[in-house]
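Since every read-out is calculated from the coordinates, none of them should be taken as a lab result. Computed from a prediction, not measured in an experiment: that's the story for all the values here. Don't worry about glycine lacking a Cβ; one is built from the backbone with ideal geometry, like all the others, and counts go over all protein chains shown.
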Amino acid sequence: MPESNNRLSRYQIMWLFAMFDLPVKEKKQRKAYARFRNLLLNEGFDQLQYSVYARVCASEQVAGTIQAKLEAQLPPDGHVRLLAVTDRQFGKMQVFYGKNRGKPEGKPSQLQLF
């Protein structure tokens, strides 16, 4: 059955991941880590695992806008990876808690457009 025009397709909706390893040995580095983590939270990201955050975006264009905001405020040291996948691809993720299988996180009931 075709999707209606007023319902977003699982191929349009994007999950944007931010994965990072940032140094925290010095006070300055810890502050940069905290600033970056707070930026992610303020942009609507949720923590999936330690140093792995994700958020839902209504489209690839919205994901690109968020990526540009993050790129403009990257910490001076460490490694950051940004990855966008479709909701359909995200839904194929396998999640395990020990040997027990779980389900991937669901989309929020209301998408943030910006």
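Could you give the dipole magnitude of the stretch 18-102 about its Cα centre, charging the beta-carbon of Lys and Arg +1 and that of Asp and Glu -1, in debye to the nearest 20?
340
Given a Förster distance of 22 Å, report the FRET efficiency between residue 28 and residue 68 from their Cβ-Cβ distance, rounded to the nearest 0.05. Can you show the working numbers first?
On the way: r = 25 Å, r/R0 = 1.14.
FRET efficiency, residue 28 to residue 68: 0.30.
Between the helical axis of 27-42 and the dominant principal axis of the chain, each derived from Cα atoms, what acute angle in degrees is found, rounded to the nearest 10?
It is inclined by approximately 20 degrees.
Using Stokes-Einstein with the Kirkwood hydrodynamic radius over Cα pairs, what translational diffusion coefficient do you get for the chain at 25 °C and a viscosity of 0.890 mPa s, in µm²/s rounded to a whole number?
On the way: Rh = 15.4 Å.
Reported coefficient: 160 µm²/s.
What is the count of Lys pairs in the chain whose alpha carbons sit under 30 Å apart, if the two are 8 or more places apart or on different chains?
10
For the chain, what is the calculated [θ] at 222 nm in deg cm²/dmol (nearest 500), taking -39500 (n - 2.57) for each run of four or more DSSP H residues and dividing by its residue count?
-9000 deg cm²/dmol
For the chain, find the longest principal axis of its Cα atoms and tell me its angle to the long axis of helix 60-72, 0 to 90°, nearest 10.
Once rounded, the angle reads 0 degrees.
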